[in-house]
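The values are calculated or read from the model by the stated rules, or taken from the named source; none is laboratory data. Bear in mind the structure is a predicted one, so any value in this text is a computation, not a measurement. All Cβ positions, even for glycine, are placed from backbone atoms using ideal geometry, and neighbour counts span all protein chains on display. With ligands, DNA and RNA removed, areas are computed over all heavy atoms of the protein, side chains included. Shrake-Rupley method; radii C 1.70, N 1.55, O 1.52, S 1.80 Å.
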Amino acid sequence: MNTLELLNDLTSYLAERNLRVENGSNHSLGNSGIVNVYPKTEEGISLVLKYATDHKLTISIMGRGTKRGFGGLNETSDILLSLEDYKGVVEHTVGDMTLTVKAGTTFQEIQDYLDDTNQRIALDPFNPFEATIGGILGANDSGPKRFKYGSSRDSVIGLRILYPDGSVIRTGGKVVKNVAGYDMNKLFIGSMGTLGVISEVTFKLRPLAKYESLVLLSFPEGNMDNIKLCAKKVLDSVLEPVCMELLSPSLSDRLFHRNDYILAVSFEDVESSVHYQIKLLKDIMPANTVCNILSKEDAQVFWEKFYQITPASTSSGNNAETIAALKIGVVNFDVLKVIKKADLLQDVNNIKIEAHGGLGHGLCQLIITGAKEDILSAIEKIRKIVLGLEGYVIVKHLPFTIRKDINVWGEKPPHFFLLEGIKSKIDPNRILNPSRFVGGI
Amino acid sequence: MKVKIKSNDGHIQKLAEIVGGTRSILYNKEDLIAYDCDGFTLHNHLPKAVVFPNDTNEVAQIVKYCSENKLPFLARGAGTGLSGGAIPINGEVIISLVRMKRLISVDFENRRAVVEPGFVNLKLTNAISDKGYYYAPDPSSQYCCTIGGNVAENAGGAHCLKYGVTTNHILGLEVVLPNGDIIEIGKNGILDEPGYDLLGLLTGSEGTLGIVTKITVRILKNPEGKQTVLAYFDKVEEGSRAVSEIISSGIVPAALEMMDKVAIEGVEAAAFPVGHPKDIEAVLLIEVDGIAAGIDEQINQILEVCRKCHVRKVRAAKDEHEREQWWANRKTGFGAMGAISPDYLVQDGVIPRSTLPEVLERIKQISEESGLRIANIFHAGDGNLHPLVLFDARKQGEIEKALEAGSACLKVCADVGGTITGEHGVGIEKREEMRFVFNDEEIIAQTNIREVFNPHNLLNAGKLFPTPGRCVEIKKEIKDALLKS
């Protein structure tokens with residue numbers, strides 16, 4: 001059988017089992033499939049995997065496609081396995097504050113479900129209305145509040161993973177503390193779907209904050225030393241902000257109509273504590289700083305807008321302009337250098353860069369809009385600077401044709417052989433998300 | 001360097017040369033006896049030798065030598081582990097990391113510190129407390145256990161309910177792999193390094209994947225205020241309900257601990273009695289910390305919840321001295337069992353919080369059936385239960401009975417949806433109990449990962465996983481053959 005015959009065979013095989021199957025088509029972000037499959041059950045996913053393993057077919061794994069532009073050197077695999085129909089809450093034990101959901105559930109759907117119980121998953125990923133929980137874990141997405149609450153690796157307590165042969169492997173469990181065996185949960189978070197398909201995720205939950213406020217400190221003079229001094233004072237004080245995120249002037253302009261560097265300091269606690277902390281923060285902030293306080297609902301409106309800034313599958317840009325997004329990791333206070341450099345590069349490269357980074361956790365995001373060549377040259381310049389700071393740059397969104405011209409993940413680490421070894425053990429035929437990850441894994 | 005060694009064993013001679021002299025190696029039987037077990041004392045085995053390297057390079061050379069000469073080896077810190085992870089069951093060369101105990105650097109600005117593996121947990125907090133910082137993971141043995149050992153076991157502690165366990169505080173590791181290669185992961189402590197999360201995988205791998213020689217940890221700012229509440233309950237069910245209600249009321253306590261009647265008898269007979277009544281079924285210790293302005297509100301809410309749950313007596317500590325006394329009483333709880341029993345076995349299961357009354361009832365039955373008393377010390381907030389099986393090793397058959405009772409307690413934990421260890425690890429103690437929570441395929445999935453790092457299984461072999469049954473081996477052979485084809 002040639003590939004086409006195989007896929008016809010697959011289509012009839014799956015259709016018989018009531019699985020939605022469509023002919024695939026190429027997408028400007030790549031990571032497509034010749035056939036698209038939409039299982040509704042774990043058994044359905046398992047069937048697809050088993051078929052692919054038996055016939056050595058490759059698979060692109062997708063939720064709702066918000067991260068389709070993230071990595072991947074193959075325009076199309078044989079099968080696009082979409083989990084968007086595989087959704088819902090499996091188990092929510094309110095008293096134990098644990099929740100198990102299917103991987104295709106969007107972050108917002110989960111949050112809406114939990115609202116009634118005043119509980120939440122302590123994550124703040126981008127594009128929450130579209131991003132599925134499986135995709136958020138696979139790409140290890142996180143937002144500014146990671147400073148206080150950590151990331152997926154800190155909230156996930158158990159997974160059901162489908163291995164490439166379709167078998168189910170459970171990792172972790174349903175309790176919040178667990179050291180039985182290797183901490184295999186960690187292996188799959190951030191693995192870009194190259195090791196297995198996440199089927200179910202169990203989280204430990206946190207209570208919803210009783211009160212929250214967001215303080216936006218604007219620095220009209222743009223003096224990085226002043227910003228640094230202010231941030232250091234906050235960190236060295238008794239304050240317990242949930243985030244301390246520096247926004248570049250272009251991003252501040254988009255979100256708050258102020259063309260200044262803004263330090264976004266957020267507090268979540270009982271009301272008396274939040275007010276007390278804002279008062280302390282005002283005492284700490286340097287002169288010439290403009291302070292805007294957004295209380296509960298206003299803060300939520302700001303954040304909702306903020307989490308939409310990252311390009312998703314629909315934002316591959318128009319003909320003239322390309323959009324790219326970078327994730328950058330540096331030592332915490334080097335964030336200042338990265339954001340400043342991003343701002344300066346705009347004029348040099350004739351591009352727009354909207355940037356933000358956490359002074360408490362060292363992760364930055366840059367969203368670059370402009371012509372293809374200008375973007376590629378800017379990425380190279382930024383990478384050179386960040387490597388000088390001993391950090392890394394990952395290109396987390398770029399159209400497929402341009403992505404081929406750049407190393408999405410940067411150079412292989414010296415311990416690459418271990419990553420390669422893990423991949424070979426779990427997916428020896430390399431059928432899952434081929435070439436999507438570090439070093440071509 | 002040629003070293004004079006009174007041993008005919010060529011390997012001992014070579015190892016002595018690597019570590020630079022007779023003061024850095026033990027090989028006589030009388031010296032080795034101290035290393036024949038760790039905090040899990042029911043199994044003993046003599047090591048081939050104990051070497052004390054001074055730096056990463058020496059560790060790498062020892063490992064390389066052992067690997068090339070097919071000598072089994074393992075790493076050991078302070079030897080406080082409770083599941084036997086550092087017991088040389090194959091006559092290993094023990095690589096003791098106690099001389100690698102430097103605090104290499106502290107970077108307050110970026111909230112991190114770099115330590116060598118032999119650095120003692122509590123010393124880190126002591127070294128940075130004058131600047132208002134601390135290291136969060138606080139296992140009860142923190143005054144003597146090493147951070148390297150904490151990484152191996154993914155150690156927890158009373159305060160991990162709010163702040164997480166060791167894995168949540170590790171930013172970077174330097175590791176000597178079983179072939180002697182040195183790698184660095186989580187370079188400079190920068191988060192989310194591209195690639196699979198090896199930091200997360202290595203933390204808690206019980207020294208079976210590599211030997212950690214340098215650790216970058218997160219440090220935290222001391223909370224502005226903290227307060228502890230003590231509550232006595234006549235019924236375990238009511239104490240247990242209070243635990244659930246405190247947490248679901250939206251408070252995240254820094255610690256939430258419970259002791260049952262037998263445990264109370266122990267701590268009150270030991271070195272730090274505080275006057276807990278002997279006729280109550282449960283005592284709760286609840287600590288909240290954070291911004292001082294918000295603490296009173298939370299304490300009042302906790303007092304209210306306890307009263308609603310028919311508490312006999314509840315109150316907040318009147319001063320720091322009293323708070324510390326309450327915690328000293330609780331933190332020395334394991335050792336306190338020595339005051340009421342010649343021997344005791346510490347168990348370490350985890351259960352969904354809400355199942356506590358049911359689980360305690362079943363543990364009571366196990367106690368009655370075995371004829372051994374069982375005390376329960378419970379990190380109630382995160383469901384981590386420590387049944388302490390009291391026995392007398394001098395009595396014929398009691399060790400076996402205690403082990404059986406301990407295992408039965410873990411089965412109960414697994415049956416209610418929990419797990420067999422929350423912070424002490426599997427080691428050799430709970431290898432077979434791994435089957436309570438994982439099936440054969442899931443265990444193979446884990447040993448497959450071990451093979452990537454430790455292909456010849458010379459590093460800490462025989463730990464963490466059950467001996468595979470014959471059927472499992474056959475299944476694996478078939479699977480491997482299929483994969484190759």
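Given A:Ala355, A:Ala342, which one is part of a helix (DSSP H, G or I) and either open to solvent by less than 20 Å² (accessible area, probe 1.4 Å) or within 21 Å of A:Asp236 (Cβ to Cβ) (or both)?
A:Ala342
Find the strands (runs of 3 or more DSSP E) located wholly in segment A:180-298 whose residues include 2 or more that are in contact with a Cys (Cβ under 8 Å, 6 or more places away or on another chain), and list them.
Correct list: A:211-219, A:261-269.
Which number in (1) in a strand (DSSP E or B); (2) within 14 Å of chain B (Cβ to nearest Cβ); (3) touching a residue at least 60 places away in the same chain (Cβ under 8 Å) marks the one condition that A:Phe70 misses?
Status for A:Phe70: all satisfied but (1).
What number of residues within segment B:127-156 are touching a strand residue (DSSP E or B) at 6+ places or on another chain (Cβ under 8 Å), within 13 Å of another protein chain (Cβ to nearest Cβ) and surrounded by fewer than 24 Cβ atoms within 10 Å (Cβ to Cβ)?
4
Would you mind finding the one in A:Arg153, A:Arg160 that is in a helix (DSSP H, G or I), surrounded by fewer than 22 Cβ atoms within 10 Å (Cβ to Cβ) and touching a residue at least 24 places away in the same chain (Cβ under 8 Å)?
A:Arg153
Here's a check for you: in segment A:176-188, which residue that is in contact (Cβ under 8 Å) with a residue 40 or more places away in the chain and open to solvent by less than 10 Å² (accessible area, probe 1.4 Å) is nearest to the other protein chains (Cβ to nearest Cβ)?
A:Leu187
Just name the residue that is farthest from the other protein chains (Cβ to nearest Cβ) out of those in segment A:338-362 that are of a type in the set (D, E, K, R) and in contact (Cβ under 8 Å) with a residue 60 or more places away in the chain.
That would be A:Lys352.
Please state which one of B:Asn384, B:Asn376 is open to solvent by less than 50 Å² (accessible area, probe 1.4 Å), closer than 24 Å to A:Thr202 by Cα, within 19 Å of the chain's Cα centre (by Cα) and not aliphatic (A, V, I, L, M).
Of B:Asn384, B:Asn376, the one residue that is open to solvent by less than 50 Å² (accessible area, probe 1.4 Å), closer than 24 Å to A:Thr202 by Cα, within 19 Å of the chain's Cα centre (by Cα) and not aliphatic (A, V, I, L, M) is B:Asn384.
Among the residues of segment B:419-452, which ones are of a type outside the set (D, E, K, R), open to solvent by less than 10 Å² (accessible area, probe 1.4 Å) and over 17 Å from the mean Cα position of the chain (by Cα)?
Across segment B:419-452, the qualifying residues are B:Ala445, B:Gln446, B:Ile449.
Just name the residue that is nearest to A:Phe126 (Cα to Cα) out of those in segment A:384-408 that are more than 14 Å from chain B (Cβ to nearest Cβ) and in contact with a Ser or Thr (Cβ under 9 Å, 6 or more places away or on another chain).
Checking each candidate, the answer is A:His397.
Residues in segment A:31-65 that are more than 18 Å from A:Leu137 (Cβ to Cβ), open to solvent by less than 10 Å² (accessible area, probe 1.4 Å), among the aliphatic types (A, V, I, L, M) and in a strand (DSSP E or B): how many?
So the count comes out to 2.
Out of all the residues in segment B:294-310, which are touching a helix residue (DSSP H, G or I) at 6+ places or on another chain (Cβ under 7 Å) and crowded, with 21+ Cβ neighbours inside 10 Å?
B:Gly294, B:Ile302, B:Val305, B:Cys306, B:Cys309
Being open to solvent by less than 10 Å² (accessible area, probe 1.4 Å) and within 14 Å of chain A (Cβ to nearest Cβ) is the filter here; which residues of segment B:387-411 pass it?
Answer for segment B:387-411, where residues must be open to solvent by less than 10 Å² (accessible area, probe 1.4 Å) and within 14 Å of chain A (Cβ to nearest Cβ): just B:Leu410.
Of the numbered conditions (1) out of contact with any helix residue (DSSP H, G or I) (no Cβ under 7 Å at 6 or more places or on another chain); (2) more than 7 Å from chain B (Cβ to nearest Cβ); (3) open to solvent by 10 Å² or more (accessible area, probe 1.4 Å), A:Ala231 satisfies every one except a single condition; which is it?
Single failed check for A:Ala231: (3).
Could you say whether any residue in segment A:375-383 is within 9 Å of chain B (Cβ to nearest Cβ) and either at positive phi or within 23 Å of the chain's Cα centre (by Cα) (or both)?
no
Being open to solvent by less than 50 Å² (accessible area, probe 1.4 Å) and under 12 Å from B:Lys226 (Cβ atoms): is that true of B:Arg323 here?
It is true that B:Arg323 is open to solvent by less than 50 Å² (accessible area, probe 1.4 Å) and under 12 Å from B:Lys226 (Cβ atoms).
For residues that are open to solvent by 40 Å² or more (accessible area, probe 1.4 Å) and of a type in the set (A, V, I, L, M, F, W, C), scanning just segment A:1-20, find the one that is farthest from the chain's Cα centre (by Cα).
Step by step, filter segment A:1-20, then rank; the result is A:Met1.
I'd like the full set of residues that are touching a residue at least 12 places away in the same chain (Cβ under 8 Å), over 25 Å from the mean Cα position of the chain (by Cα) and not in a loop (DSSP other than H, G, I, E, B), limited to segment B:27-48.
B:Lys29, B:Asp31
Do the conditions hold for A:Gly196, that is, is it open to solvent by 10 Å² or more (accessible area, probe 1.4 Å) and within 24 Å of B:Gly210 (Cβ to Cβ)?
So A:Gly196 fails the test.
Where residues in segment B:111-126 are surrounded by fewer than 24 Cβ atoms within 10 Å (Cβ to Cβ) and within 14 Å of chain A (Cβ to nearest Cβ), which of them is farthest from B:Asn222 (Cα to Cα)?
Among residues in segment B:111-126 that are surrounded by fewer than 24 Cβ atoms within 10 Å (Cβ to Cβ) and within 14 Å of chain A (Cβ to nearest Cβ), the one farthest from B:Asn222 (Cα to Cα) is B:Val114.
What residue, among those in segment B:158-216 that are in a helix (DSSP H, G or I), open to solvent by 10 Å² or more (accessible area, probe 1.4 Å) and of a type in the set (S, T, N, Q), is nearest to B:Asp138 (Cα to Cα)?
B:Asn168
Which one of these does A:Asp141 not meet: (1) surrounded by fewer than 23 Cβ atoms within 10 Å (Cβ to Cβ); (2) in a loop (DSSP other than H, G, I, E, B); (3) among the charged types (D, E, K, R)?
A:Asp141 satisfies all of (1) surrounded by fewer than 23 Cβ atoms within 10 Å (Cβ to Cβ); (2) in a loop (DSSP other than H, G, I, E, B); (3) among the charged types (D, E, K, R) except (1).
Filter segment B:57-97 down to residues that are open to solvent by less than 30 Å² (accessible area, probe 1.4 Å) and part of a loop (DSSP other than H, G, I, E, B), then give me how many there are.
Number satisfying all stated conditions: 13.
Filter segment B:431-441 down to the residues that are in contact with a helix residue (DSSP H, G or I) (Cβ under 7 Å, 6 or more places away or on another chain) and of a type outside the set (A, V, I, L, M, F, W, C), then identify the one that is farthest from the other protein chains (Cβ to nearest Cβ).
Filtering first and then ranking leaves B:Asp440.
Of the residues that sit in segment A:409-428 and are in a loop (DSSP other than H, G, I, E, B) and within 20 Å of A:Met62 (Cβ to Cβ), which one is nearest to the other protein chains (Cβ to nearest Cβ)?
A:Trp409
Would you pick out the residues in segment B:194-245 that are away from chain A (no Cβ under 14 Å) and more than 23 Å from B:Ile128 (Cα to Cα)?
Those that are away from chain A (no Cβ under 14 Å) and more than 23 Å from B:Ile128 (Cα to Cα): B:Ile211, B:Thr228, B:Val229, B:Leu230, B:Ala231, B:Tyr232, B:Phe233, B:Asp234, B:Lys235, B:Val236, B:Glu238, B:Gly239.
Applying the selection to segment A:409-432, what residues are open to solvent by 10 Å² or more (accessible area, probe 1.4 Å) and under 28 Å from A:Ala52 (Cβ atoms)?
Once the filter is applied, which keeps residues that are open to solvent by 10 Å² or more (accessible area, probe 1.4 Å) and under 28 Å from A:Ala52 (Cβ atoms), segment A:409-432 yields A:Trp409, A:Lys412, A:Phe416, A:Phe417, A:Glu420, A:Gly421, A:Ser424, A:Lys425, A:Ile426, A:Pro428, A:Asn429, A:Arg430.
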